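J.: The structure under discussion is supplied below as structure tokens; questions concerning it will follow.
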Amino acid sequence: MNYKKQSYDFKNLNPWLNLLRDDLDLKGVAMGFARIPAGRGYTFMHQHETQEEVYVVLSGKGLIYIDGENIDLSPGDIVKVDPIAKRAVKAHDHSELVCLILGALPAEGFPRKAGSSTLIDDGIPDWDHLPPWVEGNEKVIELNKKIRAKREAE
């Protein structure tokens, strides 16, 4: 099996950090949920040597303190933090804060193509095998021919 699936109840996560490395057998990205109780927060600042972090606010309200600046957080906010930046997260006094936290190292050698819209442009399209929901759809087949021709011309 070339995938791993887990389900999480965001309303009943354990307080503080819930790291997903072992649950998902992660090897290329750090990932975890933070469920910070109302009025509580990290008890120390932290930074990283090379890891870039991204905080995705799923529910609640709070703030992230980065290099002396308080930045309000609410659902839908996404904050990218450079490795060197010192940071800490706190839930507002009357609201817990639930975030998805992602971390990764610089993608050395990527993107490979200057005009790439993705950071890690190593996707390998399989033009001959379509997903079952579009099999036989002539519009999709024609669209894929155009996309393929454009990519092969680059």
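The values are calculated or read from the model by the stated rules, or taken from the named source; none is laboratory data. Treat the numbers as computed from the prediction; the structure is a model and nothing was measured. Cβ placement follows ideal geometry from the backbone for every residue including glycine, while neighbour counts extend to all protein chains displayed.
J.: Take the residues in region 73-97 that are among the acidic types (D, E) and under 15 Å from R40 (Cα atoms); name whichever of them is surrounded by the fewest Cβ atoms within 10 Å (Cβ to Cβ). Steps first, answer last, please.
T.: We begin by selecting, within region 73-97, every residue among the acidic types (D, E); these are 77, 82, 93, 96.
Now narrow it down to the ones that are under 15 Å from R40 (Cα atoms): 93, 96.
Numbers: D93: 10, E96: 19.
The selected residue is D93.
J.: So which residues in region 13-38 are part of a loop (DSSP other than H, G, I, E, B), within 15 Å of L102 (Cα to Cα) and among the small types (G, A, S), if there are any at all? Quick ask: steps written out before the conclusion?
T.: Of region 13-38, the ones part of a loop (DSSP other than H, G, I, E, B) are 13-15, 20, 25-29, 37-38.
Within this subset, residues satisfying the condition of being within 15 Å of L102 (Cα to Cα) are 20, 25-29.
Result: G28, single match.
J.: Before we move on, is V134 assigned to a loop (DSSP other than H, G, I, E, B), among the hydrophobic types (A, V, I, L, M, F, W, C) and without any contact (Cβ under 8 Å) to a residue 24 or more places away in the chain?
T.: So V134 passes the test.
J.: Which numbered condition trips up G68, out of (1) at pLDDT below 95; (2) at positive phi?
T.: (1)
J.: Could you tell me whether any residue of region 48-63 is exposed (fewer than 13 other Cβ atoms within 10 Å of the Cβ) and either modelled with pLDDT of 95 or more or closer than 30 Å to M1 by Cα (or both)?
T.: Filtering region 48-63 for residues exposed (fewer than 13 other Cβ atoms within 10 Å of the Cβ) gives 49-50.
Restricting the remaining residues to those that are either modelled with pLDDT of 95 or more or closer than 30 Å to M1 by Cα (or both) gives none.
Checked against the condition, which is being exposed (fewer than 13 other Cβ atoms within 10 Å of the Cβ) and either modelled with pLDDT of 95 or more or closer than 30 Å to M1 by Cα (or both), region 48-63 yields no hits at all.
J.: Filter region 98-133 down to residues that are surrounded by fewer than 10 Cβ atoms within 10 Å (Cβ to Cβ), of a type in the set (G, A, S) and either within 25 Å of E49 (Cβ to Cβ) or touching a strand residue (DSSP E or B) at 6+ places or on another chain (Cβ under 9 Å) (or both), then give me how many there are.
T.: Within region 98-133, residues that are surrounded by fewer than 10 Cβ atoms within 10 Å (Cβ to Cβ), of a type in the set (G, A, S) and either within 25 Å of E49 (Cβ to Cβ) or touching a strand residue (DSSP E or B) at 6+ places or on another chain (Cβ under 9 Å) (or both) number 1.
J.: Please enumerate the residues belonging to region 20-42 that are out of contact with any strand residue (DSSP E or B) (no Cβ under 8 Å at 6 or more places or on another chain) and without any contact (Cβ under 8 Å) to a residue 12 or more places away in the chain.
T.: We begin by selecting, within region 20-42, every residue out of contact with any strand residue (DSSP E or B) (no Cβ under 8 Å at 6 or more places or on another chain); these are 22-23, 25-27.
D22, L26, K27, listed by residue number.
J.: Could you list, in sequence order, the residues of region 1-12 that are within 18 Å of the chain's Cα centre (by Cα) and assigned to a helix (DSSP H, G or I)?
T.: Listed by number, the list holds a single entry, F10.
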